[in-house]
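Notes follow once the structure below has been shown.
Just so it is clear, none of the values below were taken in a lab; they were calculated from the coordinates. Since this is a predicted model, take the numbers as computed values, not measurements. Note: ideal-geometry Cβ built from the backbone for every residue, glycine included; neighbour counts use all protein chains shown.
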Amino acid sequence: MMKQRVIVGVACATFALLLFGFVIVAKPTLGQSPTSTSTTLSGFVCAQEVHFFAYDVEPNFFGPASDFESVQTQRDELHRRRCLDPAKFVADREYANGAFSSTEQRQAQVQSFLNDREAWRDAIALLELAESKCTASLETMSGSYKTLYMVKGADASQAPAIYQASPERPEFRVLRFTCPDGNGGTKQFNYKLNCGFQPVAQEFPGVPTQPVPAPPTTGGPPPTGGHTPTTTPITRPPVNSTVPPTTPPTTHGGKDPNDGINHNPGACGQGDCGPRPVAPTPPPPDSVVPTATVAPPPVTPRPTVTVVQQPTVTSTIVSPSTAPG
């Protein structure tokens, strides 16, 4: 009987060893999603193909709406899009880290992942490993918020650029991750479902609100890469151009000193960063007729009069004989 118990004990120990060994082997490794357990990803290989989802929709969304009903299927779809769209994943990773790079740096990261697919898969696995420690839920949000959006390039082969906007929508659904912040509290990450998992926050520090237009060269509006700016660019007439007669001139021979880099920082974005020239004194209005002043003729001194003294003449007057007596 004792021998039988020993044999049973050894068998149980061996089974437990094999079980724990299997668990260790099955632990998520880099390049695999620790959260994708749904059959919706059966046979899917992460980072094997590339597809920028922004080109599937007309607006500047990250992609089509995600209409899955459960938390897990939404997470599976989020994972799938990260594995196909490196531009979307770069935005998600910066959103999770709370640090945003420049537009050019984000584009460089996208290109780096396109060149190194293994690094792309590993970065996704690290992000989703952190998300596995969070509580995921489907929530409805409302109120003021900001979101990232994409500006498409010339065709679907170009990675879209990423900016932030302040859209107006009273209510919208999100996939939310509530995560520990390391200080005993929590922090939230919300992905807007109707806009293709756009990140939502109160602010995205350092991310521009719209593409910065290049200085105009032909007088027309600058190209915006498919995005209509929310503000109208400032346009100025070319140098030495004639101001239309319907616009009364305000200065003569110089720029308005109040419309320069010291008073209007936006002027520098239009190529106007130099010192302000001093405007000369404007001429009088056309309706004012100046009073003519006639100078008097030169004064000629009068000639000196010389008095010639005439001699005294003495004569005797003889009366004629015919004179009456």
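For the pair N194 and E49, label points projected 7 Å from Cα toward Cβ lie 2.9 nm apart. Taken one residue at a time, the phi angles of region 191-205 give Karplus couplings (6.51, -1.76, 1.60, θ = phi - 60°) of 10, 6, 6, 6, 10, x, 6, 5, x, 10, 7, 7, 7, 10, x Hz. Gly and Pro are set to x. Pairwise inverse Cα distances across region 136-205, averaged and inverted, put the Kirkwood hydrodynamic radius at 13.5 Å.
Sorting 150-158, 53-61 by their mean Cβ neighbour count within 10 Å, with the most densely packed peptide first, gives 53-61, 150-158.
Taking the Cα of T140, stepping 7 Å toward and past its beta carbon, and measuring to each backbone N in region 164-196: which are under 15 Å? Counting backbone N atoms under 15 Å from the label point, the list is 169-175, 193-194.
Sequence-ordered 3J(HN,Hα) estimates for region 164-169 from the Karplus curve with 6.51, -1.76 and 1.60 and θ = phi - 60° stand at 10, 9, 10, x, 10, 8 Hz, glycine and proline given as x. Relative contact order for region 85-196: what percent, with Cα pairs under 8 Å and sequence separation of 6 or more? The value is 23 percent. Extension gain, S132 to A119, is 2.7 nm, computed as 0.36 nm per intervening residue step minus the present C-alpha separation.
Packing here is the average count of other Cβ atoms within 10 Å per residue, and on that basis the peptides 130-136, 91-97, 108-114, highest first, run 91-97, 108-114, 130-136. What the phi angles of region 114-120 give under the Karplus curve with 6.51, -1.76 and 1.60, with θ = phi - 60°, is a coupling list of 5, 7, 9, 5, 5, 4, 4 Hz, glycine and proline written as x.
Spin-label model, S101 to D181: label points 7 Å out along the Cα-to-beta-carbon direction sit 2.7 nm apart.
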